[in-house]
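The block underneath contains the structure these notes are about, expressed in structure tokens.
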Amino acid sequence: MVPYRRNTFKGNLLFANDELSGKRFFFLKEAPCSSTQLHYTGADFVADFSDFMVVGLGAVASDIREDDWTRLYGCVTGIYTGGEREALPALRKYQKQLRLQTANKMR
């Protein structure tokens, strides 16, 4: 990362880690691929040394109304220890808890 400039990233999964403390987390943007997202801004995440943001949640200001619920793309944050390989079980655990599993099929 360049310290004086915000960096943009494409994709639905962003891993972040602090090498000094060993703290790690991920963002999962629950949206379709970029070519089919509504109001796609050209990036999915923006980051610099002090913060991380999810961008392009599928709506613009004119889509939001005070008297109606507006559904946006979801975003999940997870924490883990170790490397990206250790992050995948945490991500999988979230996905399994999100979907009801039955003996015949998963929904």
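Only the coordinates and a few stated rules stand behind these numbers; no lab work does. Predicted model, so just to flag it, every value in this text is computed and none were measured. Note that we place each Cβ from the backbone using ideal geometry, even for glycine, and neighbour counts take in every protein chain shown.
Hey, with R₀ at 22 Å, roughly what FRET efficiency would ASP18 and GLU86 work out to, going by the Cβ-Cβ distance, to 0.05?
Details: r = 15 Å, r/R0 = 0.69.
Efficiency at R0 = 22 Å is approximately 0.90.
Counting only C-alpha contacts under 8 Å and six or more residues apart, can you give the relative contact order of the chain as a whole percent?
Details: 149 pairs, mean separation 26.9, N = 107.
Relative contact order, the chain: 25 percent.
Just checking my list [x] 157; [y] 185; [z] 92 against volume of the Cα convex hull per residue in Å³ computed from this structure; which label fits?
Evaluating volume of the Cα convex hull per residue in Å³ on these atoms matches [x].
Express in nm, to one decimal, how much length is gained between ILE79 and ASP67 on full extension, taking 0.36 nm for each residue of separation and deducting their alpha carbon distance.
Details: separation 12, 0.36 × 12 = 4.32 nm, distance 3.53 nm.
Answer, rounded to one decimal: 0.8 nm.
Cβ under 15 Å from PHE49's Cβ, PHE49 left aside: what net charge do those residues give with Lys, Arg +1 and Asp, Glu -1? Write down the numbers at each step before the final one.
Details: positive: ARG5, ARG6, LYS23; negative: ASP18, GLU19, ASP48, ASP51.
The answer is -1.
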